Amino acid sequence: MTQIAAGHISISKGGREILRDVSMSGAGGEFIAIIGPNGAGKSTLLASLAGLLKPDTGTVAIDGRALSAWNGRELARKRAYLPQNPRCEWPISVERLVALGLTPVLPVFGGFPGALRLRIDEVLAACDLLALRDQPATTLSGGELARAMLARTLVGDPDVLIFDEPLEGLDPRHTLATAERLSELARGGKLVIASMHDLTLAARHAGRIVALDRGRVAADGTPGQVLTSELIRAVFAVDARISTAGGGAFVDFLAPVAGGREQQR
Amino acid sequence: MTVDSLDRVSPHARRLQVDRTHALTATIALILGALFAVSLLAGRVWLSPGEIVDGLLSSRLQLSSLIVTELRLPRSVLAVLVGATLGLSGAVLQGLTRNPLAEPGLLGVTSGASFGAVIAIYFGLSQISSAVIPMFGLFGAFGAIALTFALGRGGGTLALVLAGAAVNTFGAALIALALNLAPGVDAAYEIMTWLMGSLANRSWDHILLAGPLIVAGCGLLAFTGRGLDALSLGEDQAESLGISIPRLHGLALAGTAMAVGAATSVTGAIGFIGLVAPHLVRPFASHQPSRILLPSALAGAVLLLAADIATRLISIGPEMKLGVLTALIGTPFFFWLVVRLRRTSP
């Protein structure tokens, strides 16, 4: 079973401390939602978990091996990473965009081995993209592009999937479908780590929630343990009512806390 | 997903798309072959195919054989080498910066090589040997790329492009200074004509000097394909896919320094080929950066060879300079590109 562990990582950018002594771990089969207000360090944490950002202190390890000891291609086969609002810069077809996910297994020159073509067909079918396979990626709608990017991360069959706000900019239908797809991947044995702003969705789909507040872990546990009105008040500076009727947790934001976070900073 | 929709896109259709890129490459290669033959025939003295064959094969010393082996063959070979260099490096740099307006001079190589050559002309060193100008051009090219690398290191693609722009401006200023301080009208005129770029009077010596560097540089550029493909998704995703951005920058810098530096040192600055060639082939190669590299190199060779033949055929007093002709043909294309961008951009 795949393991990821971040131990006491701190990261500063431009003299400002973005992450301070953050530790967290995860294992295959888990769907971990990272929550926190803007500027809490979610993207920085995800980028360092993915190995794209080297922490100033502390280490991130996958399967007990520090990320600095992995070579790029090896790591790329093990984990996939999707930044916020991923874009495609050339009008290449959806099929070719998805095929880019196989970059770490391709030789330096030459075309595609036949077996990989089948794999691309499989993923296109699974992500509902067969009808769009020849369409230029630059002409896709936001929801279609998000699906294509998701297919791109899945095509190499990595064990660890790290997504930065995968639900951003999606309509309700695609939001639900994507969230369901992520939890399905976790049920299938993958380790899924995603940052989210929709706390109700996080509670419903993720098995675990890590709340970040100004670069530190404010809470880490099951949705029931983490999503309390005290925590939301402390972390988001918002009063919220949480109803747990019918299983999940419904988070209803009421009003910003008087005095706000600006003074707290 | 149903089995039915899996069937809808036949494997046959898939094949066709792949074949289209091969067909494109083959077509451009055929055009290049035909133009090469014409390039041997055409000029102030027209030769017949029979005379060409005779000139290449017979050992008798005669005018036609001299024209072919000492003038037109080296000139045509150089046109192919330089054109391919410009086309390939243009495609690589457009892929690297994901900017359709990038061209081989982007990183400062061309202005560096020009400045080096201008120094040689300025101090009258070209009297010593015909190899002096290209040698100084190479020094200038490597100096410029070293400066770009030192300035833009570790700052991502944007820093690299800005460093290249700074080096370009500096190079242009130094060239202007040399013209400003030129000891006489003759020296200034020689500098000006060299800067316009030409393939006239280039010999096998020039090819021996520039050829190996051009081949080595293009070899380095050819290794950027996969990285450029991954860069279509932006630097973060490319890096997450195991592409080392610093290594990719290193390949592009070293490759353009060697190939474009050597080419410019021998022919002078030739504009627009490197900008135009990738655009001509891109729609036929499904817009994928790695698939554009070879067709773009061939298209660059075709364009430069055609332009060079045109300079020989257009008779308006002195022979028209190659760089002038490519710029004249290139500018309308540039306008078209801008208009099209305006139409397609959101």
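The values are calculated or read from the model by the stated rules, or taken from the named source; none is laboratory data. What you see is a predicted model, and the numbers here were worked out from it, not measured in a lab. Don't worry about glycine lacking a Cβ; one is built from the backbone with ideal geometry, like all the others, and counts go over all protein chains shown.
Hey, which of the helices (runs of 4 or more DSSP H) in region B:1-108, taking only ones fully inside, have at least 2 residues that are touching a Ser or Thr at 6+ places or on another chain (Cβ under 9 Å) and at pLDDT 90 or above?
Correct list: B:11-41, B:73-97.
Restricting the search to region B:273-287, which residues are more than 11 Å from every other protein chain (Cβ to nearest Cβ), surrounded by fewer than 24 Cβ atoms within 10 Å (Cβ to Cβ) and not hydrophobic (A, V, I, L, M, F, W, C)?
Once the filter is applied, which keeps residues that are more than 11 Å from every other protein chain (Cβ to nearest Cβ), surrounded by fewer than 24 Cβ atoms within 10 Å (Cβ to Cβ) and not hydrophobic (A, V, I, L, M, F, W, C), region B:273-287 yields only B:His279.
Condition test on A:Gly143, is it assigned to a helix (DSSP H, G or I) and under 17 Å from the mean Cα position of the chain (by Cα)? Before you say what the answer is, go through the steps one by one.
On the way: assigned to a helix (DSSP H, G or I): yes; under 17 Å from the mean Cα position of the chain (by Cα): yes.
When the stated conditions are applied, A:Gly143 passes them.
Could you tell me whether any residue of region B:224-233 is at positive phi and either at pLDDT below 90 or within 14 Å of chain A (Cβ to nearest Cβ) (or both)? It would help to see each step written out before you state the result.
Restricting attention to region B:224-233, the residues satisfying the condition of being at positive phi are none.
No - not one qualifying residue is present in region B:224-233.
Identify, from the list B:Leu158, B:Leu151, B:Leu162, B:Leu177, the residue that is loosely packed, with under 15 Cβ neighbours inside 10 Å and either modelled with pLDDT under 85 or more than 23 Å from the chain's Cα centre (by Cα) (or both). Before you say what the answer is, go through the steps one by one.
On the way: B:Leu158 fails: either modelled with pLDDT under 85 or more than 23 Å from the chain's Cα centre (by Cα) (or both); B:Leu151 fails: loosely packed, with under 15 Cβ neighbours inside 10 Å; B:Leu162 fails: either modelled with pLDDT under 85 or more than 23 Å from the chain's Cα centre (by Cα) (or both).
Exactly one of B:Leu158, B:Leu151, B:Leu162, B:Leu177 is loosely packed, with under 15 Cβ neighbours inside 10 Å and either modelled with pLDDT under 85 or more than 23 Å from the chain's Cα centre (by Cα) (or both), namely B:Leu177.
Kindly indicate the residue of region A:99-110 that is facing another protein chain (nearest Cβ under 9 Å) and part of a loop (DSSP other than H, G, I, E, B) and also surrounded by the most Cβ atoms within 10 Å (Cβ to Cβ) among those meeting that condition.
A:Leu106
Check A:Pro166, A:Pro158 and return the single one that is part of a loop (DSSP other than H, G, I, E, B) and crowded, with 23+ Cβ neighbours inside 10 Å. I'd like the intermediate steps shown before the answer.
Numbers: A:Pro158 fails: crowded, with 23+ Cβ neighbours inside 10 Å.
Of A:Pro166, A:Pro158, the one residue that is part of a loop (DSSP other than H, G, I, E, B) and crowded, with 23+ Cβ neighbours inside 10 Å is A:Pro166.
Here are A:Glu184, A:Glu144: which of them is without any contact (Cβ under 8 Å) to a residue 12 or more places away in the chain and more than 23 Å from A:Phe253 (Cβ to Cβ)? Write out each step before concluding.
On the way: A:Glu144 fails: without any contact (Cβ under 8 Å) to a residue 12 or more places away in the chain.
Result of the check over A:Glu184, A:Glu144: A:Glu184.
Just one of the numbered conditions (1) crowded, with 20+ Cβ neighbours inside 10 Å; (2) more than 17 Å from the chain's Cα centre (by Cα) is not true of A:Arg216; which one?
(1)
Which condition does B:Thr256 not pass, out of (1) among the hydroxyl-bearing types (Ser, Thr, Tyr); (2) away from chain A (no Cβ under 14 Å); (3) surrounded by fewer than 24 Cβ atoms within 10 Å (Cβ to Cβ), if it passes all the others?
(3)
Is it the case that some residue within region A:245-257 is in contact with a helix residue (DSSP H, G or I) (Cβ under 6 Å, 6 or more places away or on another chain), β-branched (Val, Ile, Thr), at pLDDT 90 or above and surrounded by 17 or more Cβ atoms within 10 Å (Cβ to Cβ)?
Scanning region A:245-257, I find no residue that is in contact with a helix residue (DSSP H, G or I) (Cβ under 6 Å, 6 or more places away or on another chain), β-branched (Val, Ile, Thr), at pLDDT 90 or above and surrounded by 17 or more Cβ atoms within 10 Å (Cβ to Cβ), so the answer is no.
Being surrounded by 14 or more Cβ atoms within 10 Å (Cβ to Cβ) and among the acidic types (Asp, Glu) is the filter; apply it to region B:180-207 and report the residue that is farthest from B:Leu78 (Cα to Cα).
By that ranking, first place goes to B:Glu190.
Which one is modelled with the lowest pLDDT, of the residues in region B:305-343 that are polar (S, T, N, Q) and outside any loop (DSSP other than H, G, I, E, B)?
Applying the first criterion (polar (S, T, N, Q)) to region B:305-343 yields B:311, B:315, B:326, B:331.
With the extra rule that they be outside any loop (DSSP other than H, G, I, E, B), the set shrinks to B:311, B:326, B:331.
Numbers: B:Thr311: 88, B:Thr326: 87, B:Thr331: 81.
Taking the candidates together, the pick is B:Thr331.
Considering only region A:68-93, how many residues are within 12 Å of chain B (Cβ to nearest Cβ) and over 21 Å from the mean Cα position of the chain (by Cα)? Reasoning before the result, please.
Looking only at region A:68-93, we keep the residues that are within 12 Å of chain B (Cβ to nearest Cβ), and these are A:70-93.
In the following step, the residues that additionally are over 21 Å from the mean Cα position of the chain (by Cα) were identified as A:71, A:89-93.
Result for region A:68-93: 6.
If we keep just the residues of region A:43-68 that are assigned to a strand (DSSP E or B) and of a type in the set (Val, Ile, Thr), which is farthest from A:Arg216 (Cα to Cα)?
Here is the first cut: in region A:43-68, the ones assigned to a strand (DSSP E or B) are A:57-62, A:65-66.
Then keep just the ones that are of a type in the set (Val, Ile, Thr); that gives A:57, A:59-60, A:62.
Values: A:Thr57: 14, A:Thr59: 16, A:Val60: 16, A:Ile62: 21 Å.
Residue satisfying both the conditions and the ranking: A:Ile62.
Of a type in the set (A, V, I, L, M, F, W, C) and either closer than 25 Å to A:Arg216 by Cα or assigned to a strand (DSSP E or B) (or both): which single residue out of A:Ala6, A:Ala76 fits that description? Please lay out each step first, then the result.
Details: A:Ala76 fails: either closer than 25 Å to A:Arg216 by Cα or assigned to a strand (DSSP E or B) (or both).
That would be A:Ala6, the only listed residue that is of a type in the set (A, V, I, L, M, F, W, C) and either closer than 25 Å to A:Arg216 by Cα or assigned to a strand (DSSP E or B) (or both).
Condition (residue is touching a strand residue (DSSP E or B) at 6+ places or on another chain (Cβ under 7 Å), at pLDDT 95 or above and hydrophobic (A, V, I, L, M, F, W, C)) applied to region A:41-48: is it met by at least one residue?
Yes - at least one qualifying residue is present in region A:41-48.
Looking at A:Leu150, A:Leu145, can you tell me which residue is more than 9 Å from every other protein chain (Cβ to nearest Cβ), in contact with a helix residue (DSSP H, G or I) (Cβ under 8 Å, 6 or more places away or on another chain) and either closer than 26 Å to A:Asp63 by Cβ or surrounded by fewer than 17 Cβ atoms within 10 Å (Cβ to Cβ) (or both)? Break it down into steps so the answer makes sense when it comes.
On the way: A:Leu145 fails: either closer than 26 Å to A:Asp63 by Cβ or surrounded by fewer than 17 Cβ atoms within 10 Å (Cβ to Cβ) (or both).
Only one candidate qualifies: A:Leu150.
Looking at A:Asp134, A:Asp121, can you tell me which residue is more than 30 Å from A:Val210 (Cβ to Cβ) and assigned to a loop (DSSP other than H, G, I, E, B)? Full working, then the answer.
On the way: A:Asp121 fails: assigned to a loop (DSSP other than H, G, I, E, B).
Exactly one residue qualifies, and that residue is A:Asp134.
I'm checking my understanding of the structure. Among residues of region A:111-138 that are hydrophobic (A, V, I, L, M, F, W, C) and more than 27 Å from the chain's Cα centre (by Cα), which one is nearest to the other protein chains (Cβ to nearest Cβ)?
We begin by selecting, within region A:111-138, every residue hydrophobic (A, V, I, L, M, F, W, C); these are A:112, A:115-116, A:118, A:120, A:123-127, A:129-132, A:137.
With the extra rule that they be more than 27 Å from the chain's Cα centre (by Cα), the set shrinks to A:112, A:115.
Details: A:Phe112: 9, A:Ala115: 14 Å.
In this case the residue turns out to be A:Phe112.
With at the interface with chain B (Cβ under 7 Å from one of its Cβ atoms) and basic (Lys, Arg) as the only criterion, which of A:Arg65, A:Arg96 stands out? Full working, then the answer.
On the way: A:Arg65 fails: at the interface with chain B (Cβ under 7 Å from one of its Cβ atoms).
Residue meeting the stated conditions: A:Arg96.
Of the numbered conditions (1) surrounded by fewer than 20 Cβ atoms within 10 Å (Cβ to Cβ); (2) away from every other protein chain (no Cβ under 11 Å); (3) aliphatic (A, V, I, L, M), A:Leu45 fails exactly one; give the number of that condition.
Among (1) surrounded by fewer than 20 Cβ atoms within 10 Å (Cβ to Cβ); (2) away from every other protein chain (no Cβ under 11 Å); (3) aliphatic (A, V, I, L, M), A:Leu45 violates only (1).
Any residue at all in region B:288-304 that's away from chain A (no Cβ under 13 Å) and either in a loop (DSSP other than H, G, I, E, B) or more than 19 Å from B:Leu30 (Cα to Cα) (or both)? Lay out the reasoning, then the answer.
Let us first name the residues in region B:288-304 that are away from chain A (no Cβ under 13 Å), namely B:295-304.
In the following step, the residues that additionally are either in a loop (DSSP other than H, G, I, E, B) or more than 19 Å from B:Leu30 (Cα to Cα) (or both) were identified as none.
Taking every residue of region B:288-304 in turn, none turns out to be away from chain A (no Cβ under 13 Å) and either in a loop (DSSP other than H, G, I, E, B) or more than 19 Å from B:Leu30 (Cα to Cα) (or both).
Among (1) part of a loop (DSSP other than H, G, I, E, B); (2) surrounded by fewer than 24 Cβ atoms within 10 Å (Cβ to Cβ); (3) of a type outside the set (D, E, K, R), there is one condition B:Ile270 misses while meeting the rest; what is its number?
The failed condition is (2).
Filter region B:234-243 down to the residues that are surrounded by fewer than 24 Cβ atoms within 10 Å (Cβ to Cβ), of a type in the set (Gly, Ala, Ser) and at the interface with another protein chain (Cβ under 7 Å from one of its Cβ atoms) and list them by number.
Residues satisfying the conditions are B:Gly234, B:Gly242.
Do any residues in region A:61-74 that are aromatic (Phe, Trp, Tyr) have Cβ atoms under 8 Å from those of residues that are not in a helix (DSSP H, G or I), where the two are at least six apart or on different chains, and which pairs are they?
These pairs meet every condition: A:Trp70/A:Gly51; A:Trp70/A:Ile62.
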